[in-house]
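Worksheet: the structure to be examined is printed underneath.
Just so you know, all these numbers are worked out from the coordinates, no wet-lab data involved. No experiment lies behind these values; they were computed from the predicted model shown. Note that we place each Cβ from the backbone using ideal geometry, even for glycine, and neighbour counts take in every protein chain shown.
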Amino acid sequence: MKSLASVLLLIASSRAGPTQFVNQFIGTTNGGHVFAGATLPWGSVKAVADSDSGDNQGGFVSDGSAIRGLSPLHDDGTGGGPSLGEFKILPMFCEGGPSGCDGREASRTVAQVQGSAKASPGFFSIDLQSNTQAEVTVTHHTALYRLTFQNFTADATAKPIVLFDLSNDLSHSFQGGQQTFQELDDETVRIQGFGTFGPSFGEGNYRAFFCLDVPGASVAAVWENATATLVNVTSTPTTFDLPNNEGGALVQLSDDFLAWSDKTVIVRMGVSWTSEDKACAFATSEIPNLDSAQFETTRKAATDLWDATLGTVQLDMEGASDEHVELFWSSLYRSYISPTNITGDNPLYDSTEPYYDSLYCIWDSFRVVHPLYAITQRETQAEVVRALIDIERHLGFLPDCRMSLDKGLTQGGSNADSLLSDSYVKGIRAGINWDDGLAAMVKDAEVTPPDWTVEGRGGIERRKTLHYVPQDDDTPGGIRGRSASRTLEYAFNDFGIALVANGQGDATSAAHYAEVAGDWQNLWNPNTTDSGFSGFIQPRFINGSFNFVDPRFCSPVLGHTSCFLNDQGGEFYEASSWEYSFFVPHDMATVVSLMGGPETYVNRLDALFSNGFHDIGDEPGFLHCFLYNYGARPDKTVDRVLSVLAANYTTAVDGLPGNDDSGAMGGFAVFSSFGFYPMAGTGVYVLSTPLFKTITFPSATAGKQAVITTINFDGATTNKYIQSAKLNGQDFTRNWFSHSEFFGAGGTLELTLGPTPSTWGTAEADLPPSFSVTKSLVPFS
Ligand SMILES: *[C@@H]1O[C@H](CO)[C@@H](O)[C@H](O)[C@H]1NC(C)=O
Ligand SMILES: *[C@@H]1O[C@H](CO)[C@@H](O)[C@H](O)[C@H]1NC(C)=O
Ligand SMILES: *[C@@H]1O[C@H](CO)[C@@H](O)[C@H](O)[C@H]1NC(C)=O
Ligand SMILES: *[C@@H]1O[C@H](CO)[C@@H](O)[C@H](O)[C@H]1NC(C)=O
Ligand SMILES: *[C@@H]1O[C@H](CO)[C@@H](O)[C@H](O)[C@H]1NC(C)=O
Ligand SMILES: *[C@@H]1O[C@H](CO)[C@@H](O)[C@H](O)[C@H]1NC(C)=O
Ligand SMILES: *[C@@H]1O[C@H](CO)[C@@H](O)[C@H](O)[C@H]1NC(C)=O
């Protein structure tokens, strides 16, 4: 008989597509909070083992800690409290049957067999010290578990039991629930019900519904605290309420069944955000059978879907290191985990539009994840845009963050505006009512919401008269602070409104929002100096006087953990004035000039990195690596991107510099590898050097493909710098390109690489567009 390990190896090596390069354990320690388990692209169900660890935001942590159970709902890479993780199941042996089980989380949590965790796209497995193994694969709304009781013997006094925990989500936010037992056929017990829980970075609560089918059952029980009570399961449903104590169900497997099934049981759990019936309907329609053949079929379908989804990027991997290949595909894979597509399972309002959840948070994902979709997953991106506009229709405002059906906390600007403008200028149209989209964006800019902690903007009225958000802003209904970083973000969000208004033929609005997008300059204090540089963004009061905030404050060298979402969090959010003073994606020429010209600007970018003021572990820091192009030094962009990747990204479990934030941290590695980076919210991409010889985007535009190819490629070891470029055979000297000219039109961008910096891309006319120079919105598309 083959050992299980060699069977797994066989299955793994049979993967032919890009999934063979995906390592799901990257970023599962060191605060990466990566979800390592089984899911489909944007899958509602994300199943994995939940570690008994302080760092378990994504469920499983590669720190060797014990396992609380496996559960079907998770988020990826989030930085708030641990998300979801309810409805855990766990294979156990209990002396004498259910009465010998202590279901409580602290009692039942079991050590893992160290190093036994395995994962591939759509699959996760782990061995436990209880001589059990738990494997899981998924469909869109259903988790399918294969539980093996390795040392099972018939007639032993220790009985094989499947534990179900209704109460313990990862953040222990349970507020009560219900479970109903019913016999489906001779030996299958169905337990269905719901629990009410709290969101991990938001307001309110939410209900999730499950439908669990366990075949081969002999005895069932409910457990509450340490006590198990047998249930007479019949074809007539029996319902039990659970107040907010620990509790759930226990199902003992019959000795005959396990002897017949080679010690293995296939357990299915459908999950719905709408109802128990829907959870059961998802389960039975998506996974008809409960046997090992079904497990393999389901797993293969998941792998195939992932290969197809990842296949919208095609690489010539010659000359790339194995590690970089693994880093790239793993990062791309994680970019497609969130948000979750729960279209058709949205209990909040009736609508035929798509619904996406776990937009966690747009502050993170607008920068790289959604711009990536605008190239590689345009259908999904159109659905996300429709879902966002529909949220505004039904719930009042575009969100900046949502999770588990609840409103999440807004970190900075109303960045759905920038997500929308990014899609708009990139020609995402399918099924989208862009008049409604523009109206929703304008509402963000003009209407103060009842609670700007979770939607819209604060400081709208003050900004209208002062042209900045003052530190002492008095808009009620939101968390204080972040006035400087919010002013910068609102200004850029407004530029996005201008782009959409312009495209929709609303010239008046376009002119207005393009103008107020210059507001940020009112927070520029030319007299603030630090580390040999002068001129910084600083907070300002209603009376017009500036406050002084040390430009290094919030950076890794000063008060790094002092700048979060609280009233004392200061005027810059999660990054310093040193970093934020560069955040004007639509008008970097003015930043260059305010900083004293290109040479000082470039030196200042260098100083940002060399003095330790920069933080690649948090999303505001992504852009700076590529900003040398605005100072006519595209060679320095290449050096910076390569050194950041080398210093801060690996394929080890601690290989991410910060929270993955729904794929954002991975998205940075993806764009760095492409050799171009989106000025997200606009159609501009700045060029660095691709880290693959040829990269093909077969579906960036219907019927055409876009190809980036290189001459003299050596994995960016020696031939790092662009010497010359051709777009569709024509000389191309700009160190940037627009979405429409490359992805929109299709074609080939050919870059000739060499060992030393060249003059390519360094002339004034080669620099990326800035609104103060172009005075036109057209180049930004
Ligand atoms: C299987 O091994 C576990 C862990 O050692 C033990 O608790 C359990 O009783 C064993 N089961 C049987 C049936 O021997
Ligand atoms: C379970 O434990 C909680 C907390 O100790 C207690 O309040 C509750 O009454 C217990 N419930 C039962 C049914 O024993
Ligand atoms: C379980 O319930 C059924 C139907 O009500 C009844 O016929 C049967 O005797 C019960 N079994 C036990 C063990 O109580
Ligand atoms: C999202 O889910 C809906 C409903 O299941 C489905 O029709 C749609 O194709 C899904 N979108 C994507 C991008 O998979
Ligand atoms: C900067 O300093 C100059 C010279 O002292 C002064 O005239 C100007 O008002 C100052 N500007 C600000 C914004 O404080
Ligand atoms: C402006 O307001 C701030 C905050 O209330 C105050 O500390 C400062 O003294 C005021 N400045 C002037 C010039 O009145
Ligand atoms: C990135 O790498 C640099 C150089 O080793 C290091 O100083 C910095 O702390 C790293 N950043 C993060 C967020 O890990």
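The figures follow:
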item: Orientation-averaged projected area, Cα convex hull of the range 172-215 (nm²); result: 3.4 nm²
item: Loop GluC sites (Glu not before Pro), the range 310-354 (other Cβ atoms within 10 Å of the site Cβ: 16 or fewer; DSSP); result: GLU318
item: Surface/4 of the Cα convex hull for the range 228-268, nm²; result: 4.4 nm²
item: Cysteines having no other Cys beta carbon under 4.7 Å from their own, within the chain; result: CYS625
item: Cα long-axis angle, helix 378-395 against the chain (0 to 90 degrees, to the nearest 10); result: 90 degrees
item: Whole-angstrom Cα spans of the range 355-485 along principal axes, big to small; result: 43, 30, 26
item: Mean Cβ count within 10 Å, highest first, over the residues of peptides 275-282, 431-438; result: 275-282, 431-438
item: Rounded tilt (10° steps) of 292-310 against the dominant C-alpha axis of the chain; result: 0 degrees
item: Of every Cα-Cα pair in the range 577-679, the percent that sits beyond 20 Å; result: 35 percent
item: Partners for LYS704 among aspartates and glutamates (Cα-Cα distance below 18 Å; same-chain residues under 8 apart left out); result: GLU379, GLU741, GLU750
item: Sorted peptide list for 346-355, 37-46, criterion being average Cβ within 10 angstrom, highest first; result: 37-46, 346-355
item: Relative counts (whole %) of C-alpha pair distances in the range 476-626, using bins that are 5 Å wide; result: 2, 10, 18, 21, 21, 14, 9, 4, 2, 0
item: Farthest positive-ward along the chain dipole, Cα basis, beta-carbon charges - from GLY96, PHE35, ASN525; result: ASN525
item: Inverse of mean 1/r across different Cα pairs in the range 225-382, Kirkwood, Å; result: 20.4 Å
item: Along each principal axis, Cα extent of the chain, largest first, Å; result: 83, 59, 47
item: Cα-based Lys proximity count in the range 18-308, under 28 Å, for pairs eight or more positions apart or on separate chains; result: 16
item: Value of Rg to Rh for the range 181-246 (Rh from inverse mean 1/r over Cα pairs, i.e. Kirkwood); result: 1.05
item: Cα centroid separation - the range 415-472 against the range 84-145, whole Å; result: 44 Å
item: The chain, helix-only ellipticity at 222 nm - DSSP H runs n ≥ 4, -39,500 (n - 2.57), divided by all residues, nearest 500; result: -8000 deg cm²/dmol
item: Kirkwood Rh (inverse of mean 1/r, distinct Cα pairs), the range 209-285, angstrom; result: 14.0 Å
item: Exposure proxy ranking, count of Cβ atoms within 10 Å, fewest first, for ILE89, ILE389, ILE460; result: ILE460, ILE389, ILE89
item: Residue-count net charge about LEU166 - beta-carbon cut-off 15 Å; Lys, Arg +1, Asp, Glu -1; result: -3
item: Stokes-Einstein D for the range 18-308, Kirkwood Rh over Cα pairs, 20 °C, 1.002 mPa s (µm²/s); result: 116 µm²/s
item: The chain - percent relative contact order, Cα under 8 Å, separation 6 or more; result: 12 percent
item: Mean shadow area of the range 694-780 over all directions, Cα convex hull, nm²; result: 6.3 nm²
